[in-house]
Amino acid sequence: MVERAVVQGENKLLEKNYRLTPQRKAVLQALTQAGKGAHCTVEEIYLIARENCSQLGLATVYRTLELLTRLSIVQCLVLEDGRARYEIKRNPEHHHLICLECGRIQEIEDDQLLPVYPQNVSFHILSASIHFFGLCRSCAN
Ligand SMILES: [Zn+2]
Ligand SMILES: [Zn+2]
């Protein structure tokens with residue numbers, strides 16, 4: 001599934017006539033590295049991506065993430081600390097439980113939240129990102 005996300009991201013780039021440079025490929029791969037790539041800051045993604053692409057610069061990672069976000073391949077998450085975190089956009093969406101103590105981010109699937117979506121409003125919802133702040137299990141104890 002992780003590999004599929006990379007391929008989908010790559011295809012989307014090509015569809016929009018963007019070249020699949022080694023740098024873009026490395027950033028996509030870093031974002032999908034199991035357990036490591038999700039909800040990472042630019043600097044964290046840079047460190048992971050550089051392992052596969054040594055000539056990668058931080059400025060390129062910034063530009064690549066900006067492009068991938070614009071193309072809806074990646075989604076950006078800005079939390080309380082004001083730092084942007086990135087992850088591959090998935091379908092269906094998912095939302096986040098964020099621990100205020102240790103910063104751990106857990107995910108919950110969209111179908112659990114569908115009942116809270118605004119109903120009977122004349123507004124066509126294309127995407128939603130809901131954050132719940134609190135204490136994770138180990139911090140609550
Ligand atoms: Zn915690
Ligand atoms: Zn997430």
Only one of (1) under 26 Å from residue 98 (Cα atoms); (2) modelled with pLDDT under 90 is not met by residue 52, so which one is it?
-> (1)
Output the residues belonging to the range 37-64 that are out of contact with any helix residue (DSSP H, G or I) (no Cβ under 6 Å at 6 or more places or on another chain), within 22 Å of residue 93 (Cβ to Cβ) and not β-branched (Val, Ile, Thr).
-> 38, 39, 40
Residue 62 vs (1) away from ligand 1 (no atom under 16 Å from the Cβ); (2) outside the structural domain of residue 19 (by TED's automatic domain parsing); (3) not aliphatic (A, V, I, L, M): all pass except (2)
Restricting attention to the range 88-116, report how many residues are in contact with a strand residue (DSSP E or B) (Cβ under 8 Å, 6 or more places away or on another chain), within 22 Å of residue 135 (Cα to Cα) and not in a helix (DSSP H, G or I).
-> 14
Name the single residue, out of those in the range 1-33 being of a type in the set (Val, Ile, Thr) and outside any loop (DSSP other than H, G, I, E, B), that is nearest to residue 92 (Cα to Cα).
-> 2
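Let me confirm something: among 83, 137, which residue is loosely packed, with under 15 Cβ neighbours inside 10 Å, charged (D, E, K, R) and within 16 Å of ligand 1 (Cβ to nearest atom)?
Details: 83 fails: within 16 Å of ligand 1 (Cβ to nearest atom).
On inspection, the qualifying residue turns out to be 137.
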Might you check whether a residue that is outside the structural domain of residue 9 (by TED's automatic domain parsing) and within 20 Å of residue 12 (Cβ to Cβ) occurs anywhere in the range 115-126?
-> yes
Only residues that are under 13 Å from the mean Cα position of the chain (by Cα), of a type outside the set (S, T, N, Q) and under 13 Å from residue 41 (Cα atoms): list them for the range 63-82, please.
-> 65, 66, 74, 76, 77, 78, 79
Look at residue 11 and say whether it is at pLDDT 90 or above, at positive phi and not charged (D, E, K, R).
-> no
Of the criteria (1) in contact with a helix residue (DSSP H, G or I) (Cβ under 9 Å, 6 or more places away or on another chain); (2) among the acidic types (Asp, Glu); (3) more than 19 Å from residue 23 (Cα to Cα), which one residue 109 fails = (1)
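Residue-wise test of (1) in a helix (DSSP H, G or I); (2) away from ligand 2 (no atom under 16 Å from the Cβ).
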position: 56; (1), (2): no, yes
position: 60; (1), (2): yes, yes
position: 65; (1), (2): yes, no
position: 72; (1), (2): no, no
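The values are calculated or read from the model by the stated rules, or taken from the named source; none is laboratory data. Model, not experiment: these values are computed from the prediction. Reconstructed Cβ throughout: ideal geometry from the backbone, glycine too, with neighbour counts over all protein chains shown.
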